1. Show me the helices (runs of 4 or more DSSP H) entirely contained within segment 272-341 in which 3 or more residues are at pLDDT 95 or above and closer than 30 Å to residue 248 by Cβ.
2. Test of understanding: among 120, 129, which residue is touching a residue at least 24 places away in the same chain (Cβ under 8 Å), among the small types (Gly, Ala, Ser) and not in a loop (DSSP other than H, G, I, E, B)?
3. Considering only residues that are under 15 Å from residue 68 (Cβ atoms) and of a type outside the set (Val, Ile, Thr), look in segment 1-39 and name the one that is surrounded by the most Cβ atoms within 10 Å (Cβ to Cβ).
4. Name the single residue, out of those in segment 460-484 being hydroxyl-bearing (Ser, Thr, Tyr) and either in contact with a Gly (Cβ under 8 Å, 6 or more places away or on another chain) or not in a loop (DSSP other than H, G, I, E, B) (or both), that is surrounded by the fewest Cβ atoms within 10 Å (Cβ to Cβ).
5. Kindly list, by first and then second residue, each pair from a residue in segment 172-188 that is touching a residue at least 24 places away in the same chain (Cβ under 8 Å) to a residue that is in a loop (DSSP other than H, G, I, E, B) and surrounded by fewer than 22 Cβ atoms within 10 Å (Cβ to Cβ), limited to pairs with Cβ atoms under 6 Å and residues at least 6 apart or on different chains.
6. Quick one: how many residues across segment 415-425 are under 22 Å from residue 402 (Cβ atoms) and either surrounded by fewer than 21 Cβ atoms within 10 Å (Cβ to Cβ) or touching a Gly at 6+ places or on another chain (Cβ under 8 Å) (or both)?
7. Examine segment 164-179 for a residue that is surrounded by fewer than 15 Cβ atoms within 10 Å (Cβ to Cβ) and within 23 Å of residue 221 (Cα to Cα), and state whether such a residue exists.
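The values are calculated or read from the model by the stated rules, or taken from the named source; none is laboratory data. Since this is a predicted model, take the numbers as computed values, not measurements. We place every Cβ from the backbone using ideal geometry, glycine too, and count neighbours over all the protein chains shown.
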Amino acid sequence: MAEDTNPREELYNRFREALKQPVTDRFFDEDELVEVYDYAGDISDDYVQLEALFCGARLYPQSVPLAERRALMYLDTSVDDSDEPTPAAGSFLGDNPELQTPLFEIARLEVRRPADPVGALEFIMGQYAEFNDEEIIRFVDLAFDLDCYNWVKVNLDRLRAKVKYIPALIYEVMQEADDMLDNDTVAALAEELIEAEPFAVGYWVTLFKAQARAGKEVEARSTFDYARALGADNPDALLVLADSVYNFAPYLYSEAFDILEGLRTENPDEFMYVDCQCAILARSGAGDRAIASLRRFLDAHPEHPRAMRQLLICNVRNVAEYLDRFYEATGGEGFDAATYAELVTTLSMNGAVGSLDALMMRSGAGVDMDPGDFSSWIEALYALGKYEKIVELLDSHPRREVFVTMPLKGSAVVFAYLVSLMKLGRGDDAQAYLDSVRPTLEAIIEEAPMPVRMSVRCVFTLADKMRQHPADDRLYWDYFDMLNYGKK
């Protein structure tokens with residue numbers, strides 16, 4: 001085996017190849033299966049983790065280390081991306097009460113949170129003289145889950161005395177300190193890890209982030225230079241470094257942009273580097289350059305959904321041209337359903353009305369469109385002054401009445417339709433529509449929460465103006481702007 005080969009990776013690869021063979025031909029000893037499971041967890045390979053457990057159940061049904069991993073697998077399987085374990089974790093632990101090891105004790109406390117968290121942690125500390133890497137990682141994670149971060153800080157020296165490989169403990173505490181924005185602790189622990197592994201670029205990046213976040217510009221600049229040099233051949237580390245600059249160190253924007261430029265040049269098809277550059281440009285007040293960069297990328301990659309999404313959010317004038325290319329390049333499919341729904345909401349909330357209109361037109365949506373999306377489109381058209389289009393859409397909509405009862409958005413559709421009819425000189429049609437929806441609106445204003453009542457009241461205020469100014473009062477309705485959409 002070559003000197004630079006990772007033994008754990010080699011074992012993982014050997015096990016992975018064995019999965020292609022008949023089950024009866026797979027032979028690994030107990031320690032190897034534990035190692036495969038742990039390594040697969042490090043690289044987020046759920047399939048190999050499960051297969052290692054299945055293999056272990058067949059070959060070593062009485063194995064305690066493999067039973068521990070089964071408990072951890074159940075524990076780490078959550079419901080709907082929540083932090084709560086599935087009931088299976090509690091069932092497995094309940095079916096194996098005789099297993100008393102650090103990992104089983106920790107798992108039981110994760111499932112059944114103790115009334116006295118500190119007492120529970122102290123009990124485990126007193127029960128076991130030593131923790132291996134997995135045990136100490138799980139133990140401090142338990143402490144954090146029990147909101148005992150300060151207890152870990154106070155007792156860090158006691159924890160050190162119970163582990164052989166201290167960096168595993170320090171790294172885990174440093175990560176939690178980072179989440180807690182405890183910059184002093186992050187910096188101290190990162191420096192300790194750097195002393196043990198001076199060429200580990202990830203520790204330098206974490207130290208830089210803590211220093212920058214704490215406002216220590218001089219120290220942060222120096223650490224940035226070290227991290228940049230050490231990560232010269234590590235695109236992932238450089239990307240995290242640039243992201244930290246974007247969030248915490250505006251005085252290094254130029255340097256971060258140069259890092260990303262190098263990464264983009266080496267990886268011209270990878271959008272994330274362009275995306276990060278654009279974010280820096282936008283925050284630096286160079287929005288035009290950011291948009292130009294997005295356009296250049298889309299000129300070369302018209303099918304890229306993330307790049308197309310970002311250009312839409314910028315609300316540029318000629319976005320329809322790029323949308324046409326995007327739909328053509330994707331065979332007419334465009335965005336997937338989840339991305340499309342999120343994008344409609346984002347464009348609507350950000351006031352990107354031009355992009356929203358272009359997206360709706362190009363997606364081919366019509367009367368079958370989701371009512372909420374349709375309402376957002378009507379609002380965008382109103383903001384753009386496209387009154388003819390509003391009337392065209394609502395006149396031909398077979399279920400126009402559904403919009404009236406929609407909270408907030410319903411009143412917006414009614415308002416936009418009435419104003420559009422008045423601006424087009426169709427006063428009689430506007431009055432007839434108002435008469436048809438008035439009973440529903442009056443019922444809503446009697447029972448709905450205050451924000452909905454206020455939106456309906458806006459329609460009634462419009463009704464008063466319609467009574468005072470007929471549609472043939474062209475001067476009034478041509479300049480009518482009750483919601484101040486014309487103000488800059």
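1. Filter on segment 272-341 gives 287-300, 305-314.
2. After ruling out the rest, the residue left standing is 120.
3. Looking at the filtered set, the residue picked out is 37.
4. That would be 461.
5. Matching pairs, first to second residue: 183/214.
6. Summing the residues that are under 22 Å from residue 402 (Cβ atoms) and either surrounded by fewer than 21 Cβ atoms within 10 Å (Cβ to Cβ) or touching a Gly at 6+ places or on another chain (Cβ under 8 Å) (or both) in segment 415-425 gives 1.
7. Yes.
Matching residues to (1) within 22 Å of residue 130 (Cα to Cα); (2) among the small types (Gly, Ala, Ser); (3) out of contact with any strand residue (DSSP E or B) (no Cβ under 8 Å at 6 or more places or on another chain); (4) not in a loop (DSSP other than H, G, I, E, B):
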site: 34; (1), (2), (3), (4): yes, no, yes, yes
site: 38; (1), (2), (3), (4): yes, no, yes, yes
site: 55; (1), (2), (3), (4): no, no, yes, yes
site: 74; (1), (2), (3), (4): no, no, no, yes
site: 89; (1), (2), (3), (4): no, yes, yes, yes
site: 100; (1), (2), (3), (4): yes, no, yes, no
